[in-house]
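No value in this document is a laboratory result; all are computed from the given coordinates. All values reported here derive from a predicted model rather than from experimental measurement. We place every Cβ from the backbone using ideal geometry, glycine too, and count neighbours over all the protein chains shown.
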Amino acid sequence: MRKLVYVLFFISISSVVFGQTIPEKVQRINETDTFDSLTQDSIAVRDIGQKQKKSVSNQLDAESSKVKKAKIQDYLIISKDRDTTFVDTSLTIRKDYKFNYLRKDNFGLIPFSNLGQTYNSLTHNFQNTNSMPQFGARARHFNYMEIEDINYYRVPTPLTELFYRTAFEQGQLADSFFTVNTSPQFNFSIAYKGMRSIGNYQHMITSTGNFRFTSNYTSKNKRYQARAHFVTQDLFGEENGGLQEDSVENFETGEDEFLERPILDVNFENADNILIGKRFYLDQSYNIFNKVVEKYLPQTLNDSISKSRLDLKHVMSFEDKYYQYNQTSVNTSFFGEAFNNQNLFDKTTVENFYNELQLDFYNNVLGNIQINLNNTNYNYGYNKLVVLNGNTIVNRLKGSVFAVGGKYSKQYKGFSLNGELGVNISGDFEGNYFKVNTVFNINEDISASASINHSSKAPNYNTLLYQSDYISYNWQNNFNNIETQQISFKLKYKELANITVDYSTINDYVYFKQDEATLQVSPFQNDKTITYLRAKFENEIKFGKFAINNTIMYQNVQDHNNVLNVPKINTRNTLYFSSHLFKKALFLQTGVTLNYFSKYYMDAYSPLLAEFYVQNDREFGDFPRLDYFLNAKIRQTRIYFKVEHFNSSFTGYNYYAAPTYPYRDLAIRFGVVWNFFL
């Protein structure tokens, strides 16, 4: 938290508030059209430090007659794939959905009772464009920022954003961000998200931190571009194993004495786990040639002009990550026998070094064609060997994988085609994928898209190799690749309705469940084909100052072994009122949100592995969650007030985020998002 205070102090003295024109919605911008957006015509205040002979006030007066105020559309946010939007300080119901710990819409997830704990997944997406296995400890990764979660920026003046929200019992969540262009060519940003929360139950303190630094550079002649980021993250949580059996019964009775949650007994109070990662990423490109034929033709003949561009690109990332589980004394009733009775310590590490060379050719007739060659050096495992029942479990999965791939994209009027593929050509891990996506505008109001995806990749590292001080949690497996196929369709009608349907087949699915012999959690591979259908409907209906926003998902799984469990119905419905007040000085939104999912065999949680595992003993769900919210916007400041789960006391104490892990009781929470523009 000391780091957070320093960052807040640094940022707060760097910026001053001023009024901005607020867009009604964020719109996509072509990044190649924005290289000149930071010229003198768009910068409100220029550097006056070199003109020491004039006073500040005189200089500003002179400049104000020459330049225009910066527009909010000039404050650009650039994704990993170079999709570009601009800063949006509006207040919408979508912003309310994203005002949470993850800072993204968490429909399809149900959080545990304390902030910073994990989420149980109510839906799964099997689309994949990666041919390498993942690290594992996936329950700790919801707030772990991957490469695609990091954005880059171009701004005419310094920009700051401060995010704050209350936590449970003691603690808070804060996210501070600052970015500036030191010149039209170079931008950097610095940000830190810190959280600490005690929670309502025994032994569940959480503490997390996400530090990000990014840079974005374009040479003056526009031929060389480079983007880089450095990220460090630590995600810590105390683990209690959930409620004991008698405490589960006491929780569900709803008796007054047990409404004080700290008196409920948990399975243990001497364990914690943590995920720590550091990553450096660099994405650079050089324009070999940029050729325009017949460039002196009239603009009306522009479509017949041949335009070509050839870029050489290089992507590099190095990530060092480890997951650690600590417990001061053995708990045989929960995890079985152990090699040690005291100071149990499990640490799993991975180092991943990735390099990719790309040759990117663009022609306005042929489209954009990219070919690439990449190499992944990986080093996953432990610092010891384990000999169990006469079998030696190795300590490392270490090697190098070379892969080739390509991408293609073409846009023509209202139609676009995008495709990508990749295949591992050498190394210990086989894998391949391809994806094709088409988007077409039927008319001005209706657009449609369709995609097909195939993937074959090795399961996560922790299913292939794992070591622990607990005897039953040591294994070395040689699983087949998981193979998935997915087709999906999407239809959008203005802002009124979005319909998405996807159908997946999964072969050789790898999952966790309790072993029937040891009753401990282990990985298994399914020998049957799973089919999985999802249909999602989104719409918003407005009548005057009132509106109702709906998101409804239907899911159907055909699975003979019952290893992929999801609720059939998952819905979120919000009825709200919006209006300007006090001569439009304040914009207000208030309403009620209903979240609901049908009963199903909800996955259970293993705190040792930080993984969810399949259980088919008891169904959970079929409980409504009602939230009342009151949000307001004053200039660039958005204020959020929410009464979460206010129906908890009168609709029954049957709400769980996972077996033995209750969902949140009624809570009153407050937060704010504040943007500063210099």
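Give the percent of DSSP beta bridges with both residues in the chain that are antiparallel, rounded to the nearest 5.
Numbers: 288 of 289 bridges.
If we restrict to bridges inside the chain, about 100 percent are antiparallel.
Each label point is 7 Å from the Cα along the Cα-to-Cβ direction; what then is the distance between the points at residue 337 and residue 169, in nm?
Distance between label points: 3.6 nm.
What distance in nm separates the simple spin-label points at residue 649 and residue 329, each placed 7 Å from Cα in the Cβ direction?
A separation of 3.9 nm, rounded to one decimal place.
When we measure straight from the Cα of residue 398, which lysines land under 25 angstrom away, once same-chain ones fewer than 8 places off are left out?
278, 321, 347, 384, 457
Using 0.36 nm per residue, how much length does the chain from residue 500 to residue 442 gain when fully extended, once their Cα-Cα distance is taken away? Before the final figure, lay out each step's value.
Numbers: separation 58, 0.36 × 58 = 20.88 nm, distance 1.63 nm.
Result for the pair: 19.2 nm of gain on full extension.
FRET efficiency for residue 516 and residue 417, Cβ-Cβ distance as r, R0 = 45 Å, nearest 0.05?
Details: r = 49 Å, r/R0 = 1.10.
With a Förster radius of 45 Å, E is 0.35.
In the range 597-678, what GluC sites (Glu not before Pro) fall in a loop by DSSP, with at most 16 other Cβ atoms inside 10 Å? Can you show the working numbers first?
On the way: sites: 611, 619, 644; in loops: 619.
When the GluC sites (Glu not before Pro) of the range 597-678 are filtered for loop state and at most 16 Cβ neighbours within 10 Å, 619 remain.
Quantify how much of the Cα-Cα distance distribution of the range 328-396 extends past 15 Å, in percent.
On the way: 1740 of 2346 pairs.
That fraction is 74 percent.
Kindly provide the pair-distance distribution of the range 89-204 built from C-alpha pairs, with 5 Å bins from 0 and whole-percent values in order of increasing distance.
P(r) over the range 89-204, rounded to whole percents: 2, 8, 14, 19, 19, 15, 12, 8, 3, 1, 0.
Once phi is turned into ³J(HN,Hα) by the Karplus curve 6.51 cos²θ - 1.76 cosθ + 1.60 with θ = phi - 60°, what whole-Hz value does each residue of the range 131-138 show in order, with x for glycine and proline?
Per-residue couplings from phi come out as 9, 10, x, 9, 5, x, 6, 5 Hz.
Taking the radius of gyration and the Kirkwood hydrodynamic radius from Cα positions alone, what is the Rg/Rh ratio for the chain, to two decimal places?
Rounded to two decimals, Rg over Rh is 0.97.
So, R0 is 45 Å and r is the distance between the beta-carbons of residue 387 and residue 491; what FRET efficiency does that work out to, to 0.05?
Details: r = 58 Å, r/R0 = 1.29.
Efficiency at R0 = 45 Å is approximately 0.20.
Expressed as cubic angstrom per residue, what is the convex hull volume of the alpha carbon set of the range 357-502?
On the way: hull volume 22.8 nm³, N = 146.
Cα convex hull per residue, to the nearest whole number: 156 Å³.
Determine, from the Cβ-Cβ distance of residue 477 and residue 252 and an R0 of 45 Å, the FRET efficiency 1/(1 + (r/R0)^6), rounded to the nearest 0.05. Walk me through the numbers before you get to the answer.
Working: r = 38 Å, r/R0 = 0.84.
E(calc), rounded to 0.05, equals 0.75.
Taking θ = phi - 60°, what integer Hz values does the Karplus form 6.51 cos²θ - 1.76 cosθ + 1.60 yield along the range 597-605, in sequence order, with x for Gly and Pro?
9, 6, 5, 6, 7, 5, 4, 8, 10
For the chain, what does the helix formula give at 222 nm: sum of -39500 (n - 2.57) over DSSP H segments with n ≥ 4, over the residue count, nearest 500 deg cm²/dmol? Intermediate results must be reported in sequence, preceding the final value.
On the way: 6 runs with 42 residues, N = 678.
Using -39500 (n - 2.57) per qualifying helix, the result is -1500 deg cm²/dmol.
When the dipole is taken about the Cα centre of the range 375-483, and only Lys, Arg (+1) and Asp, Glu (-1) are charged at their Cβ, what size is it in debye, to the nearest 20? List each step's numbers first, then the result.
Numbers: 8 positive and 7 negative charges, 56 e Å.
Dipole size: approximately 260 debye.
Can you bin every Cα-Cα distance in the range 456-547 into 5 Å intervals starting at zero and give me the percent of pairs per bin, rounded to whole numbers?
So the P(r) values, bin by bin, are 3, 11, 15, 14, 11, 10, 9, 8, 7, 6, 4, 2, 0.
By average Cβ neighbour count within 10 Å, what is the ranking of 92-104, 336-348 from highest down?
Working: 92-104: 17.2, 336-348: 15.0.
Final packing ranking: 92-104, 336-348.
Counting just the Cα atoms, what span does the range 156-229 cover along each of its three principal axes? Round to the nearest Å and put the largest first.
Principal extents (largest minus smallest coordinate, Cα): 60, 20, 10 Å.
I'd like the GluC sites (Glu not before Pro) in the range 500-560 restricted to DSSP loop residues with at most 13 other Cβ atoms within 10 Å, sorted by number. Let's see the in-between values first.
Numbers: sites: 516, 538, 540; in loops: 516.
In loop regions of the range 500-560 (DSSP not H, G, I, E or B), the sparsely surrounded GluC sites (Glu not before Pro) are 516.
Among 465, 267, 497, which residue has its Cα positioned farthest towards the positive end of the charge dipole of the chain, with +1 placed on the Cβ of Lys and Arg, -1 on the Cβ of Asp and Glu, and the dipole taken about the Cα centre?
About the Cα centre, the residue reaching furthest to the positive side is 497.
Using a basic spin-label model with each label point 7 Å from the Cα along Cα→Cβ, how many nm lie between residue 265 and residue 182?
The two pseudo-label positions are separated by 6.1 nm.
Relative to the compact-globule scaling 2.2 N^0.38 Å, provide the ratio for the alpha-carbon radius of gyration of the range 561-673.
Working: Rg = 18.2 Å, N = 113, 2.2 N^0.38 = 13.3 Å.
Computed over Cα atoms of the range 561-673, the ratio equals 1.38.
Hey, got the dipole for the chain? About the Cα centre, +1 on K and R Cβ, -1 on D and E Cβ, debye to the nearest 20? Kindly include the intermediate steps, with their values, before the conclusion.
Working: 70 positive and 69 negative charges, 778 e Å.
Charge dipole of the chain: 3740 debye, to the nearest 20.
Mind putting a number on the dipole of the range 576-678 about its Cα centre? Charges go on the C-beta only, +1 for Lys and Arg and -1 for Asp and Glu, and I need it in Debye to the nearest 20.
On the way: 11 positive and 8 negative charges, 185 e Å.
Here the size comes out at about 880 debye.
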